[in-house]
């Protein structure tokens, strides 16, 4: 299927001199479901925002990001045609990013705006076919009955599922999910992760999801990329992330990561289907 995301020599320094990303090199193949793990401040969210072209890297470096062969940014400059590239990238935020006062179906159909004439975007005028597509996406995530409710009336888990449905309607080839279960209860977390895994498997959509819980990464993602102080310190099979290896990678910070239990596993429910692609042996670790 080829590379969905290709990153070379990416660095990001925030005002004050804090290095958020340091010489990140990463390639994610089309159809993979990959977890990003790391303690708070490790660079997970920053890396995802760079992938989506929402943030520019340091201009003093030769960093570059491509999504399906299209340049997102190079040498600290966002590509001039970034809107066209973003049409293929769905971003699922931790806090859902829905408009509370609008109906759920309208929030979902926002995913079609990049294909519509300006006047229709301003009027939020959608055809019956577009509405049907939105309802079908809501059905796939299990909340079709909520389509005419205001987004503010949904639970956190339902809002996150609506955000995923928006990316599906968008026709995204890549979904970037920034800690999508961080603020959810165990049942809602399981449903959100199951949906992301199903979209990855059924639609062969590349999914990159940042997580705090290592066991959730092992359960849903064949491959995990671990960040520490802005550097990639591990890139390989999720099942190899033992407590011993995590302590080797993170030192004392590993205890904070290991303290976050896998609340999804406590649910007596069916196990999710395996990811679309398996990460092959042998173990691949960054230098």
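Between a first residue in segment 193-221 that is on the phi > 0 side of the Ramachandran plot and a second residue that is crowded, with 21+ Cβ neighbours inside 10 Å, which pairs have beta carbons less than 8 Å apart while being 6 or more apart in sequence or on different chains? Cβ pairs passing all conditions: 204/276. Against the list (1) in contact with a strand residue (DSSP E or B) (Cβ under 8 Å, 6 or more places away or on another chain); (2) in a helix (DSSP H, G or I); (3) closer than 22 Å to residue 48 by Cβ; (4) at pLDDT 75 or above, the condition residue 257 fails is (4).
Only one entry of 161, 198, 231, 223 meets the criterion of being over 25 Å from residue 109 (Cβ atoms), at pLDDT 95 or above and touching a helix residue (DSSP H, G or I) at 6+ places or on another chain (Cβ under 9 Å), and that entry is 223. With respect to the conditions (1) touching a helix residue (DSSP H, G or I) at 6+ places or on another chain (Cβ under 8 Å); (2) at pLDDT 95 or above; (3) closer than 18 Å to residue 170 by Cβ; (4) surrounded by fewer than 24 Cβ atoms within 10 Å (Cβ to Cβ), residue 79 falls short on a single one, namely (3).
Within segment 60-75, how many residues are more than 29 Å from residue 138 (Cα to Cα) and within 22 Å of the chain's Cα centre (by Cα)? Total meeting the criteria: 10. Does residue 46 qualify as being surrounded by fewer than 16 Cβ atoms within 10 Å (Cβ to Cβ), under 16 Å from the mean Cα position of the chain (by Cα) and either under 21 Å from residue 249 (Cα atoms) or at pLDDT 95 or above (or both)? Spelling it out, it is not the case that residue 46 is surrounded by fewer than 16 Cβ atoms within 10 Å (Cβ to Cβ), under 16 Å from the mean Cα position of the chain (by Cα) and either under 21 Å from residue 249 (Cα atoms) or at pLDDT 95 or above (or both). Against the condition more than 19 Å from the chain's Cα centre (by Cα), modelled with pLDDT of 95 or more and crowded, with 22+ Cβ neighbours inside 10 Å, how does residue 12 come out, does it pass? Judged against the criteria, residue 12 is a match.
Only one of 54, 36 is closer than 20 Å to residue 236 by Cβ and in contact with a strand residue (DSSP E or B) (Cβ under 8 Å, 6 or more places away or on another chain). Can you tell me which?
After applying the criteria, what remains is 36.
The set of residues in segment 194-209 being closer than 20 Å to residue 98 by Cβ and more than 11 Å from the chain's Cα centre (by Cα) consists of 195, 199. Residues in segment 83-101 that are buried (at least 16 other Cβ atoms within 10 Å of the Cβ) and part of a helix (DSSP H, G or I) were compared, and the one that is farthest from the chain's Cα centre (by Cα) is 85. For segment 5-19, enumerate the residues that are part of a strand (DSSP E or B) and more than 13 Å from residue 61 (Cβ to Cβ). Scanning segment 5-19 gives 5, 6. Note on segment 20-58: residues that are closer than 16 Å to residue 208 by Cα, out of contact with any helix residue (DSSP H, G or I) (no Cβ under 7 Å at 6 or more places or on another chain) and part of a strand (DSSP E or B) amount to 6.
The values are calculated or read from the model by the stated rules, or taken from the named source; none is laboratory data. Since this is a predicted model, take the numbers as computed values, not measurements. Glycine gets a Cβ as well: all are built from the backbone with ideal geometry, and neighbour counts include every protein chain shown.
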